[in-house]
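This report refers to the structure that appears directly beneath it.
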Amino acid sequence: MRVSWSAPRRDQQNGKIIEYEVLYREKDTRVAARVKTERLYKDIDGLLVGEWYEVAIKAFTFAGSGPFSSTKDYLVPDGEW
């Protein structure tokens, strides 16, 4: 599943963004996984087809990280992964 987002507005950044962290978990579960990327998208493999996942993103600068975004729900479609 490909997750994509837009960079935070300049006035919400605390310096140059060096990477993003993607937090995801199967909907209504407590176990989450984290992956990092320097791009404005991340392909996440190994998800269950037909299941819903909650995803949140946060950005990192040399000064540290910002807060996680609000979560967005994604459905893994049949036959895609």
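Computed from the coordinates by the stated procedures, all read-outs in this text should not be read as laboratory data. Everything numeric in this text was worked out from a predicted model, so none of it was measured. Cβ atoms come from the backbone with ideal geometry, glycine included; neighbour counts cover every protein chain shown.
Results, tabulated for the structure shown:
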item: Cα-centred dipole magnitude for the chain, charges only on beta-carbon of K, R (+1) and D, E (-1), debye, nearest 20; result: 460 debye
item: Under 14 Å, Cβ to Cβ, from Leu23 - net charge with Lys/Arg +1 and Asp/Glu -1; result: +3
item: Partners for Lys36 among aspartates and glutamates (Cα-Cα distance below 12 Å; same-chain residues under 8 apart left out); result: Glu19, Glu21
item: Pair Val31, Ala7: separation of 7 Å Cα→Cβ label points (nm); result: 3.6 nm
